[in-house]
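The next block holds one structure in the form of structure tokens; read it before the comments.
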Amino acid sequence: MSVSVELGDWGEIPSGWNRRHLLGIEGLSADEITLVLDQAERFKSVLMRSDGYENRNRKVSLLAGKMCVNLFFENSTRTKTSFSLAARRLGMDVIDFSASTSSLSKGETFIDTVKNLEAMQVDTIVVRHSCPGTAMLLSENICGHVLNAGDGAHEHPTQALLDILTIRQRFGRVSGLTVALVGDIAHSRTARSNIWGLLTLGAKVILCGPSTLVSRQWESLGVMVSYSLDEILDRVDVFNLLRIQFERQVIRPFPSTREYSHLYGMDSGRLSRTKKDVLIIAPGPINRGLEVTPDVADGQHSAILDQVTNGVAIRMASLWMCMSVKKQ
Ligand code: NCD
């Protein structure tokens, strides 16, 4: 038997949220971030329902009849699937738009393509593009809601929110924790969104990696920069191990991947020198043996798969909250 949960079970959108789009974490207040995290916790309880196979209903029909388009111009496994699933769990219809087989390849402009989609009564566009600012550009040109699923090396807001939710679930707080973002800070949108979110919520942030990928300029925002992973091991609560974004690099940032993993890879030797309750997270995809060894990625300190579960809840919260705000 399948029973839909109605809007009344969830109450109204929490006061204090009035954004129609989710374009980035920069500029969100601590209260706004907390509202999304809290809402995601509520949705997660629906996703995790397991009251016997027959009665298990993991859907809420809050956005039934609404239409969402996934507009992905870069590869994705987790984010695209997670947004699709989140939209479906909210009762929406979802179209996965494939840029390579569309009329874009016949010369149609990006904005014209999206306006045509909108003319088919699409309510929300989830967009990933290699060009920073794409989500913002869309939000200025269409009537519907826009959620940024990653724009170049700029921002990836839902990834940061799910990372932060995972941290909050494990420690019960974010404020006062020391979080190290390790790896390719220069090209990582996940890093940027995490920096804004973590600082806003009162965490200490350390950026760690080779000097070719971690600029000292970041210190002006109030983060620490370290070029030695070994030196920071014992004072960090959370390590967020970022993938080296080879596809965004024009020059080789280090002599070899072997050297990188030797200096910055998280392995069991390094793990044994961290705090007892250290948390290991990674946005994925992970390159086993490069940023993290398999035993650590699959070990008891790792929350890499919890992040994926939290991702669906965060995207449900983001969709529902943005779509509940009407155009002025
Ligand atoms: C991240 C991305 O695409 O920016 N991955 C993701 O969304 N799951 C990080 C990455 O690709 O390394």
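Descriptive notes on the structure:
- Failed item, numbered, when SER188 is tested on (1) free of Cβ contacts under 8 Å to residues at least 60 places away in the same chain; (2) assigned by TED's automatic domain parsing to the domain that holds GLY289; (3) within 16 Å of the ligand (Cβ to nearest atom); (4) in contact with a Pro (Cβ under 6 Å, 6 or more places away or on another chain): (4)
- Screening ILE244 against (1) assigned to a helix (DSSP H, G or I); (2) open to solvent by less than 20 Å² (accessible area, probe 1.4 Å); (3) more than 26 Å from GLY176 (Cα to Cα) leaves a single unmet condition, (1).
- Condition met for GLU247 (of a type outside the set (Gly, Ala, Ser), under 20 Å from ASP184 (Cβ atoms) and within 16 Å of the ligand (Cβ to nearest atom)): yes
- VAL179 in contact (Cβ under 8 Å) with a residue 40 or more places away in the chain, away from the ligand (no atom under 11 Å from the Cβ) and surrounded by 24 or more Cβ atoms within 10 Å (Cβ to Cβ): yes
- Filter pass, LYS66 being open to solvent by 20 Å² or more (accessible area, probe 1.4 Å), basic (Lys, Arg) and more than 16 Å from the ligand (Cβ to nearest atom): yes
- Residues (in a helix (DSSP H, G or I) and either near the ligand (Cβ under 10 Å from one of its atoms) or in contact with a Pro (Cβ under 8 Å, 6 or more places away or on another chain) (or both)) located in the stretch 122-164: THR158, GLN159, LEU162, ASP163
- The stretch 260-300: number of residues that are open to solvent by 40 Å² or more (accessible area, probe 1.4 Å), of a type in the set (A, V, I, L, M) and assigned to a helix (DSSP H, G or I): 1
- Condition broken by PHE110, with the remaining ones in (1) surrounded by 16 or more Cβ atoms within 10 Å (Cβ to Cβ); (2) under 16 Å from the mean Cα position of the chain (by Cα) satisfied: (2)
- Selection of the stretch 275-291 for residues being over 18 Å from LEU233 (Cα atoms) and without any contact (Cβ under 8 Å) to a residue 60 or more places away in the chain yields ILE286, ASN287, ARG288, GLY289.
Okay, residues lined up against (1) touching a Gly at 6+ places or on another chain (Cβ under 9 Å); (2) more than 20 Å from GLN39 (Cα to Cα):
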{"residue": "ASN287", "(1), (2)": "no, yes"}
{"residue": "GLU291", "(1), (2)": "yes, yes"}
{"residue": "PRO294", "(1), (2)": "no, yes"}
{"residue": "GLY299", "(1), (2)": "no, yes"}
{"residue": "ALA313", "(1), (2)": "no, no"}
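The values are calculated or read from the model by the stated rules, or taken from the named source; none is laboratory data. As the structure is a computational prediction, the values presented were derived from the model and not from experiment. Ideal geometry is used to build each Cβ from the backbone, glycine not excepted, and the neighbour counts take in all protein chains shown. When the accessible area is computed, the model is the full protein with side chains, heavy atoms only, and any ligands, DNA or RNA have been set aside. Shrake-Rupley method; radii C 1.70, N 1.55, O 1.52, S 1.80 Å.
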